[in-house]
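Novice: Once you've had a glance at the structure underneath, I'll fire off some questions.
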Amino acid sequence: MFLWLSLTTSVFIIILLFYTVKYIVTLFHSKTPTAFEPNQLIIKFNKNVCEHRASEIHSKNKCEISEKNNSLGYHLVYTKKNIKKLINIYNKLDEVEYVEPNYIFEASYVPNDSFYPFQYGPQKVQAPSAWDVTRSNSSIKIALVDTGVQLNHPDLTSKLLPCRWEHKPKRWKWTWDSRSWYCCCSNQ
């Protein structure tokens, strides 16, 4: 009975160790899949390659030119063949400077402020997803103000609007800096 229990425990520990090591390895060697347009390649030929020779190479590899950019010197081609195999074929050619999949890039407008992850408000209202939809324009004025404003903060000094007391609407947040009142948002 003891032999059977020790054998079972040993097997369990070995399996647990195997999956733990496998998990750790995948953490350090994980490759995030990069998105690219299916069946499309971007190919740049060397400067000494004429258009006729480039077309011959594309025809030989069963690729159709979808777009040419003469100023940058690349071809966007469409193919039904395996992209990885075609990249290897084109890379072996002396006429080709580079070949790559037509990667998909998406802009992200998350601020480069090192303290941004610690700010509660933008995270709570999911501001990054809104910034990916629209960036708006500088004529729209907004403010997130809780209990006060640091008037000499580098991000705010050029954006605060000097106002006089007699023009004080009730819905504006006002701050006093011993010189004059400042409104932190406007009704525009």
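Novice: With the condition being within 18 Å of the chain's Cα centre (by Cα), I'd like the helices (runs of 4 or more DSSP H) fully within the stretch 61-133 carrying at least 1 qualifying residues.
Specialist: 120-124, 127-131
Novice: Still on this structure: Test Tyr109 against the criterion of being exposed (fewer than 14 other Cβ atoms within 10 Å of the Cβ), of a type in the set (Phe, Trp, Tyr), modelled with pLDDT of 55 or more and under 30 Å from Ile57 (Cβ atoms), and give yes or no.
Specialist: No, not satisfied.
Novice: Based on what the data block shows, is Tyr78 surrounded by 13 or more Cβ atoms within 10 Å (Cβ to Cβ) and either more than 23 Å from Pro101 (Cβ to Cβ) or modelled with pLDDT of 95 or more (or both)?
Specialist: So Tyr78 fits the description; yes.
Novice: Scanning the stretch 15-37 for residues that are closer than 14 Å to Tyr103 by Cβ and surrounded by 10 or more Cβ atoms within 10 Å (Cβ to Cβ), which turns out modelled with the lowest pLDDT?
Specialist: Residue satisfying both the conditions and the ranking: Ala35.
The values are calculated or read from the model by the stated rules, or taken from the named source; none is laboratory data. In this text the structure is predicted, and so the values were computed from the model without any measurement. As a convention, Cβ positions derive from the backbone with ideal geometry for all residues, glycine included, and neighbour counts pool all protein chains shown.
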